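Before any comments, here is the structure.
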Amino acid sequence: MTGHLYLVSLPIGNLEDITLRAIKTLREVNLIVAEDTRNTRRVLERYHIKTPFSRSYYQGVESKRVEPILSLLKEGKDLALVSDAGTPLVSDPGYPLVRAAIEAGIPVIPIPGPTAAIAALVASGLPTDHFAFDGTVPRKEGERRAYLEAIREEQRTIILYESPHRLLTTLKEIAKVLPERRVVLARELTKIYEEFLRGSASEILQTLDARSEVKGECVLLIEGEKRSAQKRKTESVDVKEVVSLLKKEGISNRTAMKILMCCLDLPRNEAYRLIHAD
Ligand code: SAM
């Protein structure tokens, strides 16, 4: 029988943010596959977990590590994959291993817990019904600008991981490309100096400018584009074309008005103007 691959979420700062199931799993598996064993050791010591580590599994060596880890699983060993913080595979290594395990018929079991993206989102005050996690902002200036231009039309709340060194540059760029948008900076989540800054990118920049330095781990959230239902419905439709079609079909002005108002969400005066034009 093969072993199981558990994907175990660890705290993102506050060591108390760990589930009972995560502790139990980490105690019971044969080996822990960690990104950096030194970082994971702090959590394990806190919960008296004595399980040994396999060789570390970090970005850049993933392709070399997959086969040996897979062999252990095929031998029947249960393994827990953890990353330095939060949920493995969320901006962290693990994807090639999970793919290979699934292809080899090995059960892959998530042990859910903290992830900075979701913690930041739920307390951001931005819409949570639709959101997109885009990982990190491109580092090169041209690519960063192109990325921000590309999300202009995005209606979902965007979640980004950003380093404190690049934060100001990214905010300045957002202020240029998306000046009207509400932005939230979630810093040092679950830690002593946890902070949420809310406002436009320029307002947040003003607050940060007053500080000598910006430290800590950061999540940036950008409000999605708020287009009115009317704009959404009409932008893909040639309204004048619709009006001429209705006239050609002999539809009365009264009914045509109703169609434009109900189906295209046009305001009454706009529908009237279009129908009575020329
Ligand atoms: N796997 C992690 C997760 O589930 O959130 C993310 C790992 S990624 C390599 C590290 C980035 O996550 C940091 O640069 C920061 O953007 C974000 N992050 C992690 N912990 C955080 C925290 N406590 N507060 C704010 N952001 C955090």
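The values are calculated or read from the model by the stated rules, or taken from the named source; none is laboratory data. If you're wondering where the values come from, they're calculated on a predicted model, not measured in any experiment. No Cβ is skipped: glycine too gets one built from the backbone with ideal geometry, and neighbour counts run over all protein chains shown. Note: areas computed on protein heavy atoms with side chains; ligands, DNA, RNA excluded. Shrake-Rupley method; radii C 1.70, N 1.55, O 1.52, S 1.80 Å.
What does the charge add up to near E67, with Lys and Arg as +1, Asp and Glu as -1, over the other residues with Cβ less than 15 Å from its Cβ?
Local net charge: +3.
Let me check against my output: what whole-number percent is the relative contact order of the stretch 117-222, with C-alpha pairs under 8 Å and at least 6 apart? Walk me through the numbers before you get to the answer.
Numbers: 161 pairs, mean separation 33.5, N = 106.
Relative contact order here is 32 percent.
List the aspartates and glutamates whose alpha-carbon lies under 14 Å from that of K191, not counting same-chain residues fewer than 8 positions away?
E16, D17, E217
Using the alpha carbon gyration tensor of the chain, what are the three equivalent-ellipsoid semi-axes (square root of 5 times each eigenvalue), largest first, in whole Å? The partial results should precede the final answer.
Values: eigenvalues 481, 131, 51 Å².
Working through the eigenvalues yields semi-axes of 49, 26, 16 Å.
I need the chymotrypsin sites (Phe, Trp or Tyr not before Pro) found in the stretch 175-278, filtered to DSSP loop residues with at most 16 other beta carbons within 10 Å of theirs. Please list the in-between numbers first.
Working: sites: Y193, F196, Y272; in loops: Y193.
For chymotrypsin sites (Phe, Trp or Tyr not before Pro) across the stretch 175-278 that sit outside H, G, I, E and B with at most 16 neighbouring Cβ atoms in 10 Å, the list reads Y193.
What translational diffusion coefficient, to the nearest whole µm²/s, does the stretch 117-222 have by Stokes-Einstein, given a Kirkwood radius computed over alpha-carbon pairs, a temperature of 37 °C and 0.692 mPa s viscosity?
Numbers: Rh = 13.7 Å.
In µm²/s, the coefficient is 239.
For each pair in K64/K215; K176/K240; K77/K140; K172/K226; K77/K215, compute the distance between the two Cα atoms and list the pairs where it is over 31 Å. Display every interim value, and only then the final one.
Details: K64/K215 34 Å; K176/K240 35 Å; K77/K140 43 Å; K172/K226 21 Å; K77/K215 41 Å.
Those over the limit are K64/K215; K176/K240; K77/K140; K77/K215.
I need to check one value: relative contact order of the chain, counting alpha carbon pairs closer than 8 Å and at least 6 residues apart, in percent. Provide the component values of the computation, followed by the final result.
Numbers: 450 pairs, mean separation 47.8, N = 278.
Normalised by residue count, the contact order of the chain is 17 percent.
If you take the C-alpha gyration tensor of the stretch 5-114, multiply each eigenvalue by 5 and take the square root, what semi-axes do you get, largest first, in whole Å?
Details: eigenvalues 85, 41, 32 Å².
Equivalent-ellipsoid dimensions as semi-axes: 21, 14, 13 Å.
Per the 1.4 Å probe, what fraction of the accessible area of the chain, in percent, lies on carbon and sulfur atoms? Before the final figure, lay out the partial values.
Values: 7940 of 15440 Å².
In the chain, the share of accessible area belonging to carbon and sulfur is 51 percent.
For K74, go through the aspartates and glutamates and keep the ones whose alpha-carbon is under 20 Å away, minus same-chain ones fewer than eight residues off.
Here the aspartates and glutamates satisfying the reach criterion relative to K74 are E28, E62, E103.
Express the relative contact order of the stretch 43-119 as a whole percentage, based on alpha carbon pairs under 8 Å and six or more residues apart in sequence. Before the final figure, lay out the partial values.
Numbers: 41 pairs, mean separation 22.1, N = 77.
It comes to 29 percent, rounded to a whole number.
Determine Rg/Rh for the stretch 148-278; Rg is computed over alpha-carbon atoms and Rh is the Kirkwood hydrodynamic estimate from the same atoms. Can you show the working numbers first?
Numbers: Rg = 22.7 Å, Rh = 17.9 Å.
So for the stretch 148-278, dividing Rg by the Kirkwood Rh gives 1.27.
Could you do me a favour and compute the accessible area per residue for the stretch 28-178, 1.4 Å probe, result in Å²? Could the numbers behind the result be given before it?
Working: 7690 Å² over 151 residues.
Accessible area per residue: 51 Å².
If you take every DSSP beta bridge fully contained in the chain, what fraction is antiparallel? Give it as a percent rounded to 5.
Numbers: 16 of 32 bridges.
Expressed as a percentage, antiparallel bridges in the chain total about 50.
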